[in-house]
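Here's the structure we're looking at; comments come further down.
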Amino acid sequence: MASVSGVSPRGYRGPRHKEDVDLRRGVSTGEWVEKLLAEQAASQPVSEEEEDGTTAGVRDRRRRVHRLVARLQGTAAARGDPKNAHLMQLDGAAESLSLFKADVLDRAALAAAVEGCQGVFHVASPVPADKTVDPEASSQNFWHCRISLKSQYLKMHILDEIMVPAVKGTLNILEVCSSVKVQKVVVVSSTAAVHSNPNWPQGKPKDESCWSDRKICMEKEAWYNLAKTVAEETAWEYAEKNELNVVTLCPCIVFGPQLQPVVNTTSELLIYVLKGGPNVLNDTPLQIVDVRDVADALLLIYEKPESSGRYICAPNYISTKALLELLKKMYPDYNYVKCKADAHQNSPGTPVSSAKLSNLGWKPRALEETLLDSIEYYRKTGILQDVEGQTYRLPDIFRHYQAANE
């Protein structure tokens with residue numbers, strides 16, 4: 001799932017959202033942002049003149065949330081599409097939420113959605129649930145990218161299912177924002193664009209100055225990490241060249257209650273742990289954040305005029321073994337995945353610091369609250385009910401958590 005949200009002078013405007021069974025956003029961060037904005041719009045006081053209809057009215061004065069929706073398949077109207085029914089149930093949605101249909105690769109549609117906006121939230125990048133085909137083996141629809149390594153350029157063919165939406169989609173959004181004079185763009189990146197850096201001093205928490213190494217991402221076939229790294233670097237290159245006010249947020253693994261009915265990739269990781277999937281996991285360091293805290297962080301860095309640069313959003317650091325112990329105390333009756341003790345020195349889970357975001361005023365929830373609310377949501381919606389013949393699998397994006405020879 002992917003979404004792009006925007007803010008108009010009198011209201012919020014603008015996302016794009018792209019779904020497929022194998023391309024899903026971790027937890028619906030964009031939808032939680034829209035929920036907060038819709039609630040803000042609904043809570044704004046109405047003047048007597050507006051109530052009497054003597055001005056442009058509540059609809060034009062209150063901040064409005066617009067959602068631009070695109071599907072890989074299907075042509076149903078965004079508002080009438082049953083997949084979007086949950087959005088129209090948000091508080092204030094009837095007055096403040098409008099749905100549009102477009103694609104981040106369609107600049108004309110994006111321009112129509114962003115027109116009149118003061119700010120845009122770009123929360124769009126596909127998360128592959130299954131293993132991605134080797135880009136070198138793909139024979140069509142290539143996204144060509146030059147990668148500079150020690151003054152040499154490598155030309156690689158990258159699957160358009162990941163790199164094009166991430167990189168070209170981001171560039172399209174920024175170009176449209178420049179053309180309609182958007183004042184501020186908040187781009188959601190990821191700690192995937194931070195972690196893969198073997199040259200970072202050992203034992204030192206990684207901060208916003210740390211960037212993933214493209215060559216390492218390629219060697220490990222970590223295409224999501226590569227896509228997020230190239231997309232964020234592209235955003236910064238464009239912002240500097242075109243004097244566009246861009247701020248980026250880098251969340252880690254996102255858990256929390258969902259607003260949408262579809263189980264997303266990061267939720268599948270927690271469900272896999274609870275239900276005892278077949279693969280043994282290493283005692284890998286994990287960094288977890290609540291989807292509601294990511295939404296809060298996005299609004300914070302948008303609203304704070306002093307915000308600038310990158311912001312890491314990764315408050316909770318815990319090993320797989322410690323996570324299992326915590327979960328078993330809270331919910332002792334699940335099967336749980338097996339965990340193999342394993343040295344994790346120099347793993348991608350080296351701690352990252354959210355100090356810069358905290359200094360801006362961000363106050364995330366405790367990990368226990370995130371886990372409790374996540375699991376209660378799964379229980380309430382029947383996601384954890386056993387189904388005959390159902391097997392649980394570890395999403396490919398988390399394959400490095402799997403123990404070797406298991």
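So what's the projected area for segment 214-372, the Cα convex hull averaged over all directions, in nm²? Mind dumping the intermediate values first?
On the way: hull surface 44.6 nm².
Taking the Cα atoms of segment 214-372, their convex hull projects to 11.1 nm² on average.
So for His122, His86, His400, what's the accessible-area order with a 1.4 Å probe, most first? Kindly include the intermediate steps, with their values, before the conclusion.
Working: His122 0, His86 30, His400 90 Å².
Reading off the accessible areas and sorting them downward yields His400, His86, His122.
Using a probe of 1.4 angstrom, how much of the accessible area of segment 157-248 is carbon and sulfur, in percent? It would help to have the intermediate numbers written out before the result.
Values: 1640 of 3570 Å².
With neighbouring chains kept in place, the figure for segment 157-248 is 46 percent.
Can you give the direction-averaged projected area of the convex hull of the alpha-carbon atoms in segment 178-246, in nm²?
On the way: hull surface 21.4 nm².
Reported value for the Cα convex hull: 5.3 nm².
Over segment 181-230, calculate the relative contact order: mean separation of alpha carbon pairs under 8 Å at least 6 apart, over the residue count, as a percent. Can you show the working numbers first?
Details: 48 pairs, mean separation 20.2, N = 50.
Result for segment 181-230 is 40 percent.
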Check your understanding: Which of Lys206/Lys275; Lys275/Lys329; Lys275/Lys340; Lys35/Lys168 have a Cα-Cα distance over 25 Å?
Key -> Lys206/Lys275; Lys35/Lys168
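The values are calculated or read from the model by the stated rules, or taken from the named source; none is laboratory data. Bear in mind that the values here come from a model prediction, so they are computed numbers and not experimental data. The protein model used for the area step is the full one, side chains on, heavy atoms only, and it has no ligands, DNA or RNA in it. Shrake-Rupley method; radii C 1.70, N 1.55, O 1.52, S 1.80 Å.
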